[in-house]
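The values are calculated or read from the model by the stated rules, or taken from the named source; none is laboratory data. These numbers come from a predicted model, not from an experiment. All Cβ positions, glycine included, derive from the backbone under ideal geometry; neighbour counts span all protein chains shown.
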Amino acid sequence: MDRNTITGLVLVAVIIIGYMMFFAPKPPEETETTTGETVDSVGQPETQDTIVPAVASNDSIPVSSGFDSVLNELNQKKFGIFAPYSKGEETFVTIENEKLKIVLTSKGGRVYSVELKDYQTYDSLSLILFTGDENEFNYLFPVENKIINSAELYFNDIRGSSFLVEGDESKSVGMRVSLDDNHYIEQFYSLEGEGNFLNYELRLVGMDELIPRNGDLILSWKIKLLKQEQNLKQERIASKIYYKYLNDDDVDWLSERKDDEETVKTAVHWIGFKQKFFVSALINDTGFPELELAVTTDKSSEIYVKEMEATDMAMSYKHLPDEHIPLRFYFGPTHYKTLKKAGIRLEKTVPLGWGIFGWVNKYFIIPIFNALDNRGLNYGIIILILTIIIKLVVSPLTYKSYLSQAKMSLLKPEIEELKKKYNNDQSKVSPEQLKLFQRAGVNPLGGCLPLLLQMPILIAMYRFFPTSFELRQQSFLWATDLSTYDSIYTFPNGFSLPFYGDHISLFTLLMSASTLIYAHMNSQMTATTNQQMKVMQYLFPIMMIFIFNNFSSALTYYYFMFNVLGFIQQWIMKKYIVSEDKLRAQMAERKSKPRKKSGFVRRLEEAAKARQKRR
């Protein structure tokens, strides 16, 4: 403690002692009226209609002098009738079922912490979504020209106790701030034996007499997401706020790549604070009319993924004498099948891709994956079988692509002769090459179009594997967790290569090497004269080493197996299906026949002749 701090503390102490000595409050003078009523110092009699807090008796709250009286006066000014509940002892209640362990605190009457009992963090610790001050859940409402914050009140009137509920049973507990039997605020929690939903209800009894008719009830919810996965950077990229509109199935979200905020003026059904594989959602079946959303990232923190908040959430408060506002929480995994069963589109927090890529995942990949998963197989084997199925489905396209490449490979000697004839002048070689393709019946795009048609599946898998909860902490071969990168070597002393990382992923190396071999095989078969395209064929596999080194090992393993199965397919087609001698004979026969012009070409020529004739 430095000298300035000590000096400041001494001055504060002198001021407080001086205030206590010279400005201590005097006890009010009391007089009796002719009716026997007690009158205070300003001559106002106490009436029977005054609402007095149930715990605010002379026995339970002794009047102290000095500094304590100053604090009491300040609390009275800030909290008014709720002043007695601004002080107290924080107590905890634990409620559990098969999936959840939830701790409630009397300070604010809120959820204090949530543990998912079936899961662990990447380093085998209990998986706690949030705890303590990492979670804020509070209401703001006006009383006696003051704004009361429920987070600053002690809900020590607890109805119930800690419990463990199982099976089809349901148990509940309530926490109250009771001014008297007819005026209280209660936060009521109910938990069923199965599932990841926590039922919640805000009960306001007699508050219509205290909260003005034009007063609003505003809810605020904030969470600091704790790190659960090995790769904090990838976990941050996959974490964002989702929200669903009340009157349609549309689900929107805030940016996951940067800090973002948004004011929503349309009624919202639910808000989901989603990190990579888990989500905390607040559901209001009557809707939040408007709210503010924000997400921020403290990049210096190694503990917190992001901070997410939903504030200024207007509640549909009707100022009834006995009003109940029901809400629900979901605390659990982003398991697509589980979320879909909820029937409120929570499965949209699993990013499967937009448009055709999402359709491929929802209606093709996920059903096959779930069917294989029900067999109890290792997930590495499931990915292999899934890859084989996909290869068989796209095999007609692969056959057409290979057939086109084989034809172009047979024309390669003639193209080389054209290059020599025109001294590699592309302006002359290209038109002659197209004529050669037309005579031989070869479509130069025949090898590209089938590959393009396969792209929706490849991109769908790019979205599916990193978001598939089933792969989390599942091992295969040297990969200890298929949902994150595999590592055969980690650089010592925190060393990291720019754009690469601090480890070597073997599946990424195998994928890149197989892609490089595949590119070389295609270049040998393809008679392209575009040198830039040739360079890109070899450069792209090298770039993949840097792009995919930190990606899910399930994804890189899938791409590697896709390439290996591609080699096998090409070998089978070359040896047993496509005969080069038959192709050469077919192309020679086509060259010998007069080339028939298409109707489109004939119309172009006729139009050109007509224009020439008019001139």
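A compact table of results
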{"quantity": "Candidate set: the stretch 469-484, residues that are touching a helix residue (DSSP H, G or I) at 6+ places or on another chain (Cβ under 6 Å) and among the aliphatic types (A, V, I, L, M); chosen: the one nearest to Phe278 (Cα to Cα)", "calculated": "Leu471"}
{"quantity": "Members of the stretch 261-289 found to be within 14 Å of the chain's Cα centre (by Cα) and either part of a loop (DSSP other than H, G, I, E, B) or free of Cβ contacts under 8 Å to residues at least 40 places away in the same chain (or both), listed by number", "calculated": "Gln275, Lys276, Phe277"}
{"quantity": "Matching residues in the stretch 342-357 - criterion: being assigned to a helix (DSSP H, G or I), under 18 Å from Val279 (Cβ atoms) and in contact (Cβ under 8 Å) with a residue 12 or more places away in the chain", "calculated": "Leu346, Lys348, Thr349"}
{"quantity": "Boolean, Tyr336 is out of contact with any strand residue (DSSP E or B) (no Cβ under 8 Å at 6 or more places or on another chain) and modelled with pLDDT under 95", "calculated": "yes"}
{"quantity": "Which numbered condition Glu134 misses (of (1) surrounded by 15 or more Cβ atoms within 10 Å (Cβ to Cβ); (2) among the acidic types (Asp, Glu); (3) more than 24 Å from the chain's Cα centre (by Cα); (4) over 23 Å from Asp285 (Cβ atoms))", "calculated": "(3)"}
{"quantity": "Complete set of residues in the stretch 504-519 that are surrounded by fewer than 19 Cβ atoms within 10 Å (Cβ to Cβ), in contact (Cβ under 8 Å) with a residue 40 or more places away in the chain and either touching a helix residue (DSSP H, G or I) at 6+ places or on another chain (Cβ under 9 Å) or assigned to a helix (DSSP H, G or I) (or both)", "calculated": "Leu510, Ile517, Tyr518"}
{"quantity": "Test: residue in the stretch 299-310 that is of a type outside the set (Val, Ile, Thr), assigned to a loop (DSSP other than H, G, I, E, B) and closer than 30 Å to Val143 by Cα", "calculated": "no"}
{"quantity": "When residues of the stretch 136-174 are limited to those that are touching a strand residue (DSSP E or B) at 6+ places or on another chain (Cβ under 9 Å) and among the basic types (Lys, Arg), the one modelled with the highest pLDDT", "calculated": "Lys171"}
{"quantity": "Answer from Leu386, Leu403, Leu339, Leu397 - the residue that is in contact with an Asp or Glu (Cβ under 8 Å, 6 or more places away or on another chain) and in a helix (DSSP H, G or I)", "calculated": "Leu339"}
{"quantity": "Flag if Lys391 is surrounded by 17 or more Cβ atoms within 10 Å (Cβ to Cβ), in a helix (DSSP H, G or I) and touching a strand residue (DSSP E or B) at 6+ places or on another chain (Cβ under 8 Å)", "calculated": "no"}
{"quantity": "Filter pass, Tyr122 being surrounded by 17 or more Cβ atoms within 10 Å (Cβ to Cβ) and within 19 Å of Leu225 (Cβ to Cβ)", "calculated": "yes"}
{"quantity": "Test: residue in the stretch 452-472 that is part of a loop (DSSP other than H, G, I, E, B), at pLDDT 80 or above, among the basic types (Lys, Arg) and within 43 Å of the chain's Cα centre (by Cα)", "calculated": "yes"}
